[in-house]
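Below is one structure, written out as structure tokens; comments come after it.
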Amino acid sequence: MRTGNREPIPTVAEAVTKAAAICDPNGEDTAVRGLIDSFEDDDRPISAVEDLQGELASVEEGIDPDGENPAAEMTVAAAIWLSTNPDQEHHHRERVLRESARLYFHDDPPRHVADWLVGLRVD
């Protein structure tokens, strides 16, 4: 953030909604929709959530207990990345997905997520 720039801190709902729009732009994935629905009323500033990753991952695991939905996993990853880079949602989708995967999966996403990213032409 530049000096003098007072952008508002996004809420949990805003971060999840923006991440979902990046990971499921057509709104067709039911697990991603479940994440949106679960957090739609969460108006806490993302900076006030003690364990954002834990909360998002817990809800995602409840929606996708087998952990086989890459769009849902990447929605969590993107929401976490956007929480520390709130001005980045305007950048290219590929950049947000690439950086989110690097952060969330420590540069080693599971095969189904890596394949999903390759299918989207994200390296």
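Read the figures in this text as sums done on the coordinates, not as results from a lab. These numbers come from a predicted model, not from an experiment. Here the Cβ positions follow ideal geometry from the backbone for every residue, glycine too, while neighbour counts run over all protein chains shown.
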Ordered by number, the trypsin sites (Lys or Arg not before Pro) in segment 12-121 that occupy a DSSP loop and have at most 13 other Cβ atoms within 10 Å are R121
Reduced to Cα centres, the span from segment 60-100 to segment 33-47 in Å works out to 14 Å
For the chain, longest principal axis from Cα atoms; helix 30-39 axis from its Cα atoms; angle between them, nearest 10 degrees, is 30 degrees
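Assuming a viscosity of 1.567 mPa s and a temperature of 4 °C, what translational diffusion coefficient in µm² per second does Stokes-Einstein assign to the chain, Rh being the Kirkwood radius over Cα pairs? The partial results should precede the final answer.
Values: Rh = 14.4 Å.
It diffuses with D of about 90 µm²/s by this estimate.
Could you work out the longest stretch of the chain that avoids the GluC sites (Glu not before Pro) located in DSSP loops with at most 12 other Cβ atoms within 10 Å?
On the way: sites that count: E28, E40, E50, E68.
Counting only loop sites that pass the neighbour cut-off, the longest clear stretch is 69-123.
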Among A48, A79, A15, the residue with the largest mean-square fluctuation in a Gaussian network model of the chain built from Cα contacts under 10 Å is A48
